[in-house]
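Heads up: the structure comes next, in structure tokens.
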Amino acid sequence: MNFNDTPDEAKFRTEARAFLEANAKRRTPGSAPSRNVDRDDEVIKTAKAWQAKKLASGFAAITWPKEIGGRGGTPIQQIIYAQEEAQFVTPPGVFDIGLGMCIPTLVKHGSSEHAARFVKPALKGDEIWCQLFSEPVAGSDVAGIRTRAKRDGDNWVVNGQKVWTTGAHFCDFGLLLVRTDPDVSKHKGLTMFFVDMKSKGVEARPIKQVSGGAEFNEVFFTDVVIPDSQRLGKVGDGWTVALTTLMNERLAVGIATGILGVDDFLTLARSSDIDGEPAIRNGAIRDRLAQFFVEAEGLKYTRYRMWTALSRGETPGPQSSINKVVSGRMMQDLGSLAMEVMGEASLMTGEGPGGGAFQRQWLGAAGFRIAGGTDEILRNIIAERVLGLPSDVRVDKDTTFAELEAKRSKR
Ligand SMILES: Cc1cc2nc3c(=O)[nH]c(=O)nc-3n(C[C@H](O)[C@H](O)[C@H](O)COP(=O)(O)OP(=O)(O)OC[C@H]3O[C@@H](n4cnc5c(N)ncnc54)[C@H](O)[C@@H]3O)c2cc1C
């Protein structure tokens, strides 16, 4: 493990910090920027303007090759930039899914024409992408999707429903996983397309969240026509294409930053009272704080291990799963304790540090523990790949999807 930047990494960090100092406001403890992406057009406009600025300064796509508009940098530079950006107030990440997952999938599995048409507008922030994978009966087991595409000459006709699609209401394009053959095993009958979200027959319906926002959608497809030229990869090879997206997702959630941590809680505990004394002097609070500190240190070194691997040009192992399982729970517990310290004020969504940043963190933590792999799925990965325990039972491996559906409907 190496905790220090190499000279090149230090130079890049200085450059990134200078860009951020010149273009954004430094965040103060407790004032985590809201990463919520709701239905506010102004928020989208601000995010687009920020993205264009990042592109002009070489920070929009750090690891992408120069030929497609990237910086040609390293994954560790990407992480350094994310670490630095987390210390500033920046618009919500409306491009995270598109640039982190969809466009890399398009570049890897699409044609050179696809790349020439779609990469630049996405990088510049002119076009936003979403991920249309999950369905009401297929989330952790995404290969169980039912949305069907049937061939019709040079086109495909799509019918079905997706759910939890982040940002579908403001996105221009979506990466769409569909079933094209139900008569083979579930992983083999899938095909990947991209779809224009303004196509006839695509309807995004908002899902209202406990926080009051509505970042997600159910997306219905009714006889939506998609040209075969919008297929990514071969017919029936959608699972391979989806794995590219999911690998990128795992890495992205593993390095997620921009949440309130121990320092933010310390600031709150120093400035709040319990029984007429500063909360920081309360024994029970100090006990919990010590536990958070230990966990945060463990996470820090787990991340260092991951970043050292990246810095050496290696692919990080399942550390990102460990990181997400622990940080998701900690995010929720820390938000909850902060709200206890705040007392009644925590019942108001806009009250307290950062205009309700702890409340937002607590409300959003449950979703964070599900998105990009639930706690249980990540524990399965850790059990199998780190601890070498026997693998999860997969009873449906040698059955066709149609047979699975028939069995399901008899239950
Ligand atoms: C904030 C957020 C954003 C999202 N954005 C998107 C998006 O943009 N696009 C998209 O396509 N999807 C998105 N999703 C959906 C997300 O991918 C799924 O919610 C996730 O994969 C879990 O699937 P599910 O909700 O169907 O739960 P299920 O898979 O039905 O799981 C239900 C419960 O069973 C457990 N479980 C399932 N399988 C196993 C197993 N093998 N072993 C042990 N336990 C198991 C799970 O851990 C969970 O507790 C988003 C979700 C959230 C919360």
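The values are calculated or read from the model by the stated rules, or taken from the named source; none is laboratory data. Worth saying up front: this structure is predicted, and the values here are computed from it rather than measured. When we count neighbours, we look across all protein chains shown, and the Cβ atoms used for this are built from the backbone with ideal geometry, even at glycine. Surface areas here come from the heavy atoms of the whole protein model, side chains and all, with no ligands, DNA or RNA. Shrake-Rupley method; radii C 1.70, N 1.55, O 1.52, S 1.80 Å.
Six or more apart or on different chains, Cβ under 9 Å: which pairs go from a residue in region 172-195 that's of a type in the set (S, T, N, Q) to one that's at pLDDT below 95 and surrounded by fewer than 17 Cβ atoms within 10 Å (Cβ to Cβ)? Could you list them?
From residues that are of a type in the set (S, T, N, Q), the pairs are Ser185/Lys397; Ser185/Asp398; Ser185/Thr399; Ser185/Leu404.
Listed here are the residues, each with its yes/no results for (1) of a type in the set (Ser, Thr, Tyr); (2) open to solvent by less than 60 Å² (accessible area, probe 1.4 Å); (3) within 26 Å of Ser185 (Cα to Cα).
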site: Gly317; (1), (2), (3): no, yes, no
site: Val325; (1), (2), (3): no, yes, no
site: Ser336; (1), (2), (3): yes, yes, no
site: Ala345; (1), (2), (3): no, yes, no
site: Gly355; (1), (2), (3): no, yes, no
site: Val386; (1), (2), (3): no, no, no
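Which residue, of Thr191, Thr180, is open to solvent by 10 Å² or more (accessible area, probe 1.4 Å), polar (S, T, N, Q) and away from the ligand (no atom under 11 Å from the Cβ)? Working first, answer last.
Numbers: Thr191 fails: open to solvent by 10 Å² or more (accessible area, probe 1.4 Å).
Of the residues listed, the single one that is open to solvent by 10 Å² or more (accessible area, probe 1.4 Å), polar (S, T, N, Q) and away from the ligand (no atom under 11 Å from the Cβ) is Thr180.
Considering each of Val107, Val94, Val43 in turn, give the residue that is open to solvent by 20 Å² or more (accessible area, probe 1.4 Å) and within 30 Å of Gln209 (Cα to Cα). Walk me through it before giving the result.
Details: Val107 fails: within 30 Å of Gln209 (Cα to Cα); Val94 fails: open to solvent by 20 Å² or more (accessible area, probe 1.4 Å).
Selected residue: Val43, the only one of Val107, Val94, Val43 that is open to solvent by 20 Å² or more (accessible area, probe 1.4 Å) and within 30 Å of Gln209 (Cα to Cα).
Among the candidates Arg312, Arg329, single out the residue that is charged (D, E, K, R), surrounded by fewer than 20 Cβ atoms within 10 Å (Cβ to Cβ) and farther than 27 Å from Ser271 by Cβ.
On the way: Arg329 fails: farther than 27 Å from Ser271 by Cβ.
Going through Arg312, Arg329 in turn, the sole match is Arg312.
Counting residues that are more than 16 Å from the ligand (Cβ to nearest atom) and of a type outside the set (Phe, Trp, Tyr), which helices (runs of 4 or more DSSP H) fully inside region 299-411 reach at least 2?
On the way: elements: 319-342, 357-368, 375-381, 401-410.
Correct list: 319-342, 357-368, 401-410.
Just wondering, is there one or more residues in region 245-254 that are part of a loop (DSSP other than H, G, I, E, B), within 18 Å of the chain's Cα centre (by Cα) and surrounded by 15 or more Cβ atoms within 10 Å (Cβ to Cβ)? Give the derivation first.
Quick first cut of region 245-254, residues part of a loop (DSSP other than H, G, I, E, B) only: none.
There is no residue in region 245-254 that is part of a loop (DSSP other than H, G, I, E, B), within 18 Å of the chain's Cα centre (by Cα) and surrounded by 15 or more Cβ atoms within 10 Å (Cβ to Cβ).
Could you list, in sequence order, all residues of region 7-22 that are of a type outside the set (Gly, Ala, Ser) and either at pLDDT below 90 or open to solvent by 60 Å² or more (accessible area, probe 1.4 Å) (or both)?
Of all residues in region 7-22, those of a type outside the set (Gly, Ala, Ser) come to 7-9, 11-15, 17, 19-21.
Result: Pro7, Asp8, Lys11, Thr14, Glu15, Arg17, Glu21.
Restricting to region 68-101, give me the number of residues that are over 30 Å from Gly354 (Cβ atoms) and part of a helix (DSSP H, G or I). So that I can check it myself, show each step before the final result.
To start, the set of residues in region 68-101 that are over 30 Å from Gly354 (Cβ atoms) comprises 68-74.
The next check asks that each one be part of a helix (DSSP H, G or I); those that pass are 68.
The number of residues fulfilling the criteria is 1.
Does at least one position in region 234-243 carry a residue that is among the hydroxyl-bearing types (Ser, Thr, Tyr) and part of a strand (DSSP E or B)? Before you say what the answer is, go through the steps one by one.
In the first step, residues of region 234-243 are kept if they are among the hydroxyl-bearing types (Ser, Thr, Tyr); the result is 240.
Keeping just the survivors that are part of a strand (DSSP E or B) gives none.
No: region 234-243 contains no residue that is among the hydroxyl-bearing types (Ser, Thr, Tyr) and part of a strand (DSSP E or B).
Could you tell me how many of the residues in region 117-154 are more than 30 Å from Ala56 (Cβ to Cβ), outside any helix (DSSP H, G or I) and either open to solvent by less than 90 Å² (accessible area, probe 1.4 Å) or within 16 Å of the ligand (Cβ to nearest atom) (or both)?
As a first pass, look at region 117-154 and keep what is more than 30 Å from Ala56 (Cβ to Cβ): 132-154.
Those still in the list that are outside any helix (DSSP H, G or I) too: 132-141, 145-154.
With the extra rule that they be either open to solvent by less than 90 Å² (accessible area, probe 1.4 Å) or within 16 Å of the ligand (Cβ to nearest atom) (or both), the set shrinks to 132-141, 145-149, 153.
Selection size over region 117-154: 16.
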